[in-house]
Each structure stands twice: as structure tokens, then as C-alpha cells.
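As C-alpha cells, the structure follows; a few thoughts come after it.
Each value in this text was obtained by applying a stated rule to the coordinates, not by laboratory testing. Please read all numbers here as calculations on a predicted model, not as lab measurements. As a convention, Cβ positions derive from the backbone with ideal geometry for all residues, glycine included, and neighbour counts pool all protein chains shown.
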Amino acid sequence: MKFSTEAISKMAEIMVSAMQQNGLEGEGVCAVEMGMREFLREVGVQALGRYLEQKDEEIQEDEKMCVCGEAMNYLFQRKGTILSIFGRVSYRRRYHVCEECHAGVSSLDRHMRIEAGQVTAGLAELLALAGVEISFEEGTRWLERYLLFRVSDNTLRKETERFGELQKDQEAEWIKNSQNEKWLQQRQRELGKQPGRLYGSLDGGHLHLRAVQVWRPWSASGASSRTSPGIEWSRSALTTPALAGGARENGGGTPSE
């Protein structure tokens, strides 16, 4: 996602002016950083609310059909509140009501995939990531430091469990289709060629060389380890019992040079 350089520059000038007006220019960088974060959070709250209201004006649905089969007509503008990554955001949008069953619906909510009184998808993802790593009680304290507003333990638990159910359903679908050759071929074409993984292991140890009275590292990966100028201990010499024993007793062995 790319933004206009001019828009970023104007926002930066506004932020600098706001920090100066709050007397933060003489504070340390920590106070300025936290002030800028809080400034951006409050801007995000208002900007998201205005964006949703503008989007509602673009969605032209004066009349729509209800699930009961009757027509739903525009009634009034209704206020809604959602919990986003910026905090609680309030907005007004058009509301349609069915004259027969009196069910109501907002075209904006359906179009933007939001639900009044609930958590947005962006915040839900962050809550679930925290909920699977640490306890819910500790997670709310941890998130407050990052989000600059507090989320209840119950909200964190609810979103974490919801993502768990979604993952469970996804895995069940994979298991169901794992025996479907056509589905597997289609999935392979969609994913394309995936990079392979290279696995390796490295072992090592230390040998006590009595001639110089030091411990020198030796690698079992196949490369020899130099112990002193002009002399190398080869791996074959160290792995041969007789030669290795001689090296232990005499402080020497079979040099490769």
C-alpha cells in the first residue's frame, strides 16, 4: 500500500506542530514518540468514521429485498460503533427496515463486512495472535501498551476462540479434500512451485593437545582443524581407533602434512 508523498509530508508537518503545541519539543524522544502514537490513534478514529460515512453515501440502495421476500425500504440513519485497531469508532449509516417482519439491515455494514458493536477484522487478527501466545489476562495488559487502549479479557478470549474455530474448519476442509486428486492438482497449480528446504547438521568437539597444552576445536563435518603452523589433524586419523588412541596418549597422531 503506497501513499502520496505530499500527503505524508503534510501530515508530518501537522504532527510536528501538534507536538510543539503540547510542549513536547523540550522532552526526551520517548515522550515525543508516545505523543505521536496517540496523535495517530486519535486521527485514525476520526478518519475511519468519516471514511465509513462517505462510503455509505456511495452505496445507492434505496430499496432492497428482505429474506422473507418483502421489500425493505430506507427508514433513517442509524449510529453504529465498532472496535478497531484505533479504538472505538462511531459512524452513522443508512438503515433499511422490512415492513413485514421488521428486520433491519445496513448496506454499509454488509458491504464493508463489519458489525456494529463488534471487533473489526484487523483488530481481531491482532487479538488472536496475542491470545494464542500468552494468557488472556496478561495479553490485555500487553496489548494496551501497543494499541494505547484496553481490550477486555472476554473480548480477547472470544476472538481467539473464534479464530481457533475457523482454523479447525479450514483443516477439516483440507482433510476432506486430501483424497480428491482433482482438488490437489488445482491447489498445486495455484500455489506454484514452492522452494525446497535444506536440512543439515553439524557436530563438533574439543581435543586436548598435550604438546601445546591447549584445547582446539575440531569439526566432524569433514573439514580438518589446524592445530599448529604446518600441521593438520585429518578427520580419518581422528576417527580411526588406533590412531585416535595414540593421539590421546602421545599428544600426537597422523598429520596430513
**Report entry** Local net charge near Phe149, Cβ-Cβ under 13 Å (Lys/Arg +1, Asp/Glu -1)
**Finding:** +3
Query - Distance in nm between pseudo-label sites at His102 and Glu181 (7 Å out along the Cβ direction from Cα) - result: 5.9 nm
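With the cut-off at 1.5 for a/c, could you classify region 43-202 from its C-alpha gyration tensor as rounded, prolate or oblate?
It comes out oblate by the Cα gyration axes.
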Report summary line: Check: C-alpha center region 1-50 vs C-alpha center region 115-130, spacing in Å is 24 Å
Report summary line: Full extension between Met65 and Cys30 adds, at 0.36 nm per residue less the Cα distance, a length in nm of 7.2 nm
